[in-house]
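The numbers here are math on the coordinates, done by the rules we state, and not lab data. All of these numbers come straight from a predicted model, not from anything done at the bench. As a convention, Cβ positions derive from the backbone with ideal geometry for all residues, glycine included, and neighbour counts pool all protein chains shown.
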Amino acid sequence: MPGLCDYRDNPWSLTPVECAFDIDVRRWQRRGLLIPETTFLAMWLTDRAGTASDRTASLKVRVVSANEVGLIYRVRMPGGPRWQQMDQRVSIVWHPCRYGGQRPWLLCPACARKVAVLYLGGASALSFSCRRCAKLKYDSQRSGPRLRLMRKAQKLRRQLGGSGSLWKPFPEKPSTMQWKKYERVKEMARKAEEEWASRLT
């Protein structure tokens, strides 16, 4: 099985959520993979730093029972020439949905919070944990306040059917949107654009 993470590539670097190796129990549930006493592979295509080629990282998931999965993967640490074989158990809890059925949640091995997604690294570089324990941030959170304001204003304009350009006239009200909501979105966009413009000077 290909190694899941080689820390020798860029040891102990801060990785945004979008680039981290993650497991999502909602995805497994939608695909009907959470069948006790079965095994399946989770795979990622990643860009290796400094090369144009992609590499594949994989993780073997063993569904021990309806309430537990085993994660089997390999990790290589800085200064370590050999891959370490890991076998981590993660608990699953099920909550009833409002309109029937049940929704699975993973329990973070580090803090026991109910989460849908776990990430490699954080509390231990060798194990999976939640985003909070892994100290991961979204790419937007790593941007400066001026860039975040610009993205917020662009998002609100696109929500109204506009292009997202701050230099074009503000989009007209969509025919399917109520005036009250349109005015609220417009006011939010105006404040974001004014604050963004004030930081340009």
### Message
What's the ranking of 95-106, 157-168 by average number of surrounding C-beta atoms within 10 Å, highest first?
### Response
157-168, 95-106
#### Entry: Of K152/K180; K114/K181; K137/K180; K137/K181, those spanning more than 22 Å from alpha-carbon to alpha-carbon
K114/K181; K137/K180; K137/K181
